[in-house]
Amino acid sequence: RVLSAPTPADAIREYEAFRRARSLTAAEQYGLAIAHLQAGRAAQALAGLKSLDSAGAGHVWIELGLAEAESRAGQHAAADARFEALLRQAPQSRPVALTYARLLGERGSAAAGRRAQGVLRPLMGSADEDAVFQRVFARASEIAGDTVRAGEAHAEAAYLS
């Protein structure tokens, strides 16, 4: 529902209408939290995801949402710890690696760029035809100061697009 809604606000309105009519299922609570995250309401997303997590629904998607919400809320140390735990569980997870690397890229520091490169490297062998991966890797390389790799990845992303 969140991905197919015209805007995150539309998805939020739909979930709130459901909530007025009945209790939300765990999947709907998750959808509402992700809609809040996409609408730039990190604190509300964090609250919703934490309630799901404390209810024992601890699933990789909830943990991933929590990590992104923590990062968006400026809780970088907590987000990094959660992302690192997710990477230890599933080092080849494309959603975890891309989300973490994208958020590190938004920080804009050379150290964040180097860490993003490190997060993405395990996926390089399977990402040769993945334009999204190439764009995220290009940004990580760019802010890490690795201009040659950044140029190669930008070129590859453009070719694939």
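Once you keep just the Cα pairs under 8 angstrom separated by 6 or more residues, what percentage relative contact order results for the range 24-155? Walk me through the numbers before you get to the answer.
Details: 159 pairs, mean separation 19.6, N = 132.
With pairs under 8 Å counted, the relative contact order is 15 percent.
Would you work out the charge dipole size for the range 2-71 about its Cα centre, treating the Cβ of every Lys and Arg as +1 and the Cβ of every Asp and Glu as -1, and quote it to the nearest 20 debye? Show your work: numbers first, answer last.
On the way: 6 positive and 8 negative charges, 58 e Å.
Dipole of the range 2-71, to the nearest 20 debye: 280 debye.
Name the residue from 150, 2, 125 whose Cα lies farthest towards the positive end of the charge dipole of the chain, charges +1 on Cβ of Lys and Arg and -1 on Cβ of Asp and Glu.
Going by the charge dipole, the pick is 2.
Given the C-alpha atoms of the range 2-42, compute the convex hull and give its volume per residue in Å³. Provide the component values of the computation, followed by the final result.
Values: hull volume 2.4 nm³, N = 41.
Measuring per residue, one finds 59 Å³ for the Cα hull of the range 2-42.
At what distance in angstrom do the alpha carbon centres of the range 57-99 and the range 141-161 lie from each other?
Between the Cα centre of the range 57-99 and that of the range 141-161, the gap is 25 Å.
So which trypsin sites (Lys or Arg not before Pro) in the range 1-76 end up in coil per DSSP with only 16 or fewer other C-beta atoms within 10 Å?
Working: sites: 1, 13, 19, 20, 22, 41, 50, 72; in loops: 1, 22, 41.
Loop-located and lightly packed - 1, 22.
Restricting to Cα atoms and excluding each atom paired with itself, what does the Kirkwood estimate give for the range 17-81 in Å?
On the way: mean 1/r = 0.0851 Å⁻¹.
Taking every pair of different Cα atoms in the range 17-81, averaging 1/r and inverting gives 11.7 Å.
Could you work out the per residue convex hull volume over the alpha carbons of the range 72-161, in cubic angstrom? Don't jump to the answer; show the numbers that get you there.
Numbers: hull volume 7.3 nm³, N = 90.
Taking only Cα atoms, the range 72-161 has a hull volume of 81 Å³ per residue.
Counting only Cα, what are the radius of gyration and maximum Cα-Cα distance Dmax of the chain, in Å?
In Å, with Rg to one decimal and Dmax whole: 17.0, 56.
What does the charge dipole of the chain about its Cα centre add up to, to the nearest 20 debye, if the Cβ of each Lys and Arg holds +1 and the Cβ of each Asp and Glu holds -1?
Details: 19 positive and 18 negative charges, 87 e Å.
So the magnitude is around 420 debye.
Got the relative contact order for the range 20-87 handy, in percent, Cα pairs under 8 Å and 6 or more residues apart? Can you show the working numbers first?
On the way: 64 pairs, mean separation 16.5, N = 68.
RCO, the range 20-87: 24 percent.
Every number in this text was worked out from the coordinates using simple rules, so none of it is lab data. A quick note: this is a predicted structure, and the numbers were derived from the prediction, not measured. All Cβ positions, glycine included, derive from the backbone under ideal geometry; neighbour counts span all protein chains shown.
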